[in-house]
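Each remark here refers to the structure printed beneath this line.
The values are calculated or read from the model by the stated rules, or taken from the named source; none is laboratory data. As the structure is a prediction and not an experimental result, all values here were calculated from the model. No Cβ is skipped: glycine too gets one built from the backbone with ideal geometry, and neighbour counts run over all protein chains shown.
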Amino acid sequence: MNQKNKQTEEIRKSGFVSILGRPNVGKSTLLNAMIEYKISIVSHKPQTTRSRIVGVLSKEDYQVIFIDTPGINTGTKPLNIHLTKSAYSVLNEVDLNLILIDAVRVLDFEKKIFQQIKKVKKPVFLIINKIDLIKKEKLLKLIDEISKTCQFTEIIPISALKNQNVDHLIKVIVDNLEPGPFYYPEDMIAASPEEVIFSEFIREKVFILCHQEIPYSTAVLVDKMEEDEKIIRIFATILVEKGSQKKIVIGKKGEKIKRIGTDARKEVERFTGKKTYISLWVKIKKNWTKDPSRYIIEQG
């Protein structure tokens, strides 16, 4: 190892960073913006992120491993409880936490999230997203009010969608990391199993193409993957709870499911750089959300 590389190795920083918040505050959009690549699905529907999608940002002198958690919510259904518990579980497992809120709409139950933060021993940064949608005076007032409620390590306003202040956020994160080794290859952008990422791509297309006709209680299971030098073949099942939902996903003469497969294929090809074939099936599994642990894959 030459002297330059040795010096770089000595000052390298690394760490694990969680992204938490209620549904639809922009967690997935922020993750994609920070690593400059789409690995986490984005949808107007709540609870689109179910697995802990892990994104990796590597530069010459640092590596940040981001964990995008399910949206924290107040729902009492087994699925909601499972997802919220999964989100909270990472708070003391990582090196620092990002709590994301919507600048336009701060809900009362988010103050309960702030109460949970008081118990966390790791640094917690409050990220106020969507600042492009409010006036500066209102933003300053919001920051002042929150500062009196809970002591965060720092409060950082951003717009993940417009990429405003995201570079500053990354700098703050790196400044607060300890020296450490790189955990993943420098050219890796996602540490989640490919099956998880591909299933999320497919599920995103179900949400987008079926609009309000399909509730968020839809799961996608990758049953089998085959890959050679030329092509990736993905065989997946879309789980729904009712026969009426199955008809909607399939569409007239199978047009909807064909479009879901086509659009998901483009996402996979963009992600892998390889030609992709996707085969989809729709299966009815009544009340599957009452036992979500059977169908939700999570990474540690």
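Listed values, structure above:
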{"item": "Long-range neighbours under 6 Å by Cβ, at least six apart or interchain, first residue surrounded by 11 or more Cβ atoms within 10 Å (Cβ to Cβ) within segment 223-236, second of a type in the set (S, T, N, Q)", "result": "Asp223/Thr237; Ile232/Thr276; Phe235/Ser279"}
{"item": "Of all residues in segment 16-25 being crowded, with 23+ Cβ neighbours inside 10 Å and not in a strand (DSSP E or B), the one that is modelled with the highest pLDDT", "result": "Val25"}
{"item": "Candidate set from segment 260-284 (those that are part of a helix (DSSP H, G or I), among the basic types (Lys, Arg) and without any contact (Cβ under 8 Å) to a residue 60 or more places away in the chain); member that is nearest to Phe235 (Cα to Cα)", "result": "Arg265"}
{"item": "Any hit, segment 157-164, residues being under 19 Å from Ile67 (Cα atoms) and loosely packed, with under 13 Cβ neighbours inside 10 Å", "result": "no"}
{"item": "Test for Glu154: is it at pLDDT below 95, in the same structural domain as Val54 (by TED's automatic domain parsing) and not β-branched (Val, Ile, Thr)", "result": "yes"}
{"item": "Pair list, Cβ < 7 Å and 6+ apart or interchain, from segment 242-259 residues that are on the phi > 0 side of the Ramachandran plot to residues that are not basic (Lys, Arg)", "result": "Gly251/Ile257"}
{"item": "Every pair of residues 6+ apart whose Cβ atoms lie under 7 Å, when the first sits in segment 148-174 and is closer than 22 Å to Ser14 by Cα while the second is at pLDDT below 95 and not in a strand (DSSP E or B)", "result": "Thr153/Pro123; Ile155/Ile143; Ile155/Ile146; Ile155/Ser147; Val166/Ala33; Val166/Met34; Val166/Ala160; Ile170/Met34"}
{"item": "Verdict on Leu83 being at pLDDT below 70, closer than 17 Å to Glu200 by Cα and buried (at least 19 other Cβ atoms within 10 Å of the Cβ)", "result": "yes"}
{"item": "Glu200 within 30 Å of Val124 (Cα to Cα), modelled with pLDDT under 85 and in a helix (DSSP H, G or I)", "result": "yes"}
{"item": "Which listed residue, of Leu177, Leu142, Leu98, is assigned to a strand (DSSP E or B) and buried (at least 16 other Cβ atoms within 10 Å of the Cβ)", "result": "Leu98"}
